[in-house]
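Single-structure report; data block below.
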Amino acid sequence: MFSYEEIKTIRKQFPIFKNQNIIYFDNAATTQKPFQVINAITKYYGNFNSNVNRSFHFLGQFSTNCLELSRNKLKAFLNAKYREEIIFTSGTTESINLIACCSYNLLTKYDDIIISHSEHHSNIIPWQVLSQNKNANLKVIPVNSEGELNLIILKKLITKKTKLISISHVTNTFGIINPLKGLIKTAHKYNSLVLIDGSQAISHLTIDVQNLACDFYVFSSHKMYGPPGLGILYGKKQILDKFPPYKCGGGMIEKVTLKKTIFSGLPFKLEAGTPNIAGIIGTNKALNFLGNYSIRKIKTYEKKLLKYAINILSNIKGIKIYYKNSKLTKILSFNLENINYFDLGKLLNNHGIAVRTGKHCAQPIMDYLKLNGTIRISFAIYNTIEEMDIFYNSLMKCLDLVNL
Ligand code: PMP
């Protein structure tokens, strides 16, 4: 467990907290960036800016080396087997769309794709569009009254027609950790592929893709202290090898004539065009930052913050917390009787507290639970118990104002 002093030292690495008195509890939307990441990006543009995999001058070689160094580091971070299994995209959203597009030929009429009721829109819409285009069925794993996946129903939904299951590791609405191992084992018995949307798990839980045995694992750098606009797609080599190019252009070819193109192999085949080089360099530094701490320790610390938050908020009259079970990590969603979540978010903002309000890009689950929205607080490594106390006191002041 981190000591108070350790957290203070970590927090000092985030310039955003230096010059302003803010409480940032919107980490599920994006995390703040440490000096290492910001400085590396500035240094890159100031000293080394150039394109990758094209120009053989020293700047070009520097950029290309940085890109491949980042790929190697991501391979180690995820415990992937091969470096070609790491594909750079623009974010989780693009990664899922890439897999959905490339899976087009996997599906035939009346095949099934399975998602859960709790997915982010990014992990619903690409499958909806694909299943409509292919006349396939989009099946949905329901959740129980605690927001957890109903795996008994999954066993009934899955058949030989199931080609792909796409599921979040941690839900972005309620922070529930899904039971992936059992799900992946069941899916593989039916030869179905499994894609894990790791957006809310990355930098909060240890990820070992070989141990999980998932076929794809996707996430965005901006949710793990890195810059926005950079996504990471892990896919098993033997599956990605069979994928057709998802977009076509520079950097992904062996030979082009006006009649025909011979494509490069992995990873370039799936990385057409100039990538987000500064984003990749920033991601490398975010991995360095994370490498200073153990993810297990981060998870324990964030769990402590969450437990503390649940405990103090539970005493408030008229509060409904979604949920309080043991499968939660770093996200707490709640509502208060007689006050609209949006109005409360605005009042908290007046106290310098940043929270997220609304449906959190997950309308189907919110509609199912008959919720117009919730207030969501989400933690990262730099948040503290003291901040949670200030949050509680500010919340009480907001409620006093509302109940005048
Ligand atoms: N899936 C989940 C679970 C998310 O929380 C998010 C971001 N809120 C996304 C997908 C989309 O991520 P991005 O916008 O970085 O592509």
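The values are calculated or read from the model by the stated rules, or taken from the named source; none is laboratory data. Everything quoted here is computed from the prediction, not taken from an experiment. Glycine gets a Cβ as well: all are built from the backbone with ideal geometry, and neighbour counts include every protein chain shown. With ligands, DNA and RNA removed, areas are computed over all heavy atoms of the protein, side chains included. Shrake-Rupley method; radii C 1.70, N 1.55, O 1.52, S 1.80 Å.
Here are a few things to note about the model shown:
- Surface accessible to a 1.4 Å probe, per residue, for the residues of the stretch 38-291, Å²: 42
- Gain upon complete extension [N137, Q61; 0.36 nm per residue less C-alpha separation]: 22.6 nm
- Take the Cα of I310, go 7 Å toward its beta carbon, and the backbone nitrogen atoms of the stretch 330-374 under 16 Å from that spot belong to 330-335.
- Euclidean distance of C-alpha centroids, the stretch 337-388 and the stretch 1-61, integer Å: 26
- Angle in degrees between helix 341-350 and the longest Cα principal axis of the chain, rounded to the nearest 10: 80
- Order of exposure, largest accessible area first, which applies to I310, I377, I253 with probe 1.4 Å: I253, I310, I377
- Charge dipole (the stretch 38-291, unit charges on Cβ, about Cα centre) - positive-most of I124, S103, Y225: S103
- For the chain: relative contact order, % (alpha-carbon pairs under 8 angstrom, 6 or more apart): 22
- Ranked by the mean number of other Cβ atoms within 10 Å of their residues, highest first, the peptides 55-66, 264-275 fall in the order 264-275, 55-66.
- Separation of alpha-carbon centers, the stretch 73-113 and the stretch 232-252, rounded to whole Å: 8
- Loop-located trypsin sites (Lys or Arg not before Pro) in the stretch 1-102, at most 15 other Cβ atoms within 10 Å (DSSP): K18, R54, K81
- Counting only DSSP beta bridges with both residues in the chain, the antiparallel share comes to about 55 percent.
- Cα Rg over Rh - the chain, Kirkwood: 0.98
- Taking packing as the residue-averaged number of other Cβ atoms within 10 angstrom, the listed peptides 94-100, 359-365, 256-262 run from highest to lowest as 94-100, 359-365, 256-262.
- Within the accessible area of the chain (1.4 Å probe), percent carbon and sulfur: 54
- Of the residues Y368, Y301, Y392, ranked by 1.4 Å probe accessible area with the largest first, the sequence reads Y368, Y392, Y301.
- For N403 and K237, a Förster radius of 41 Å and the Cβ-Cβ distance give a FRET efficiency of 0.10, rounded to the nearest 0.05.
- For a modelled paramagnetic label at C248, 7 Å from Cα along Cα-to-Cβ, the residues of the stretch 102-134 in reach, with backbone nitrogen under 19 Å, are 102-106.
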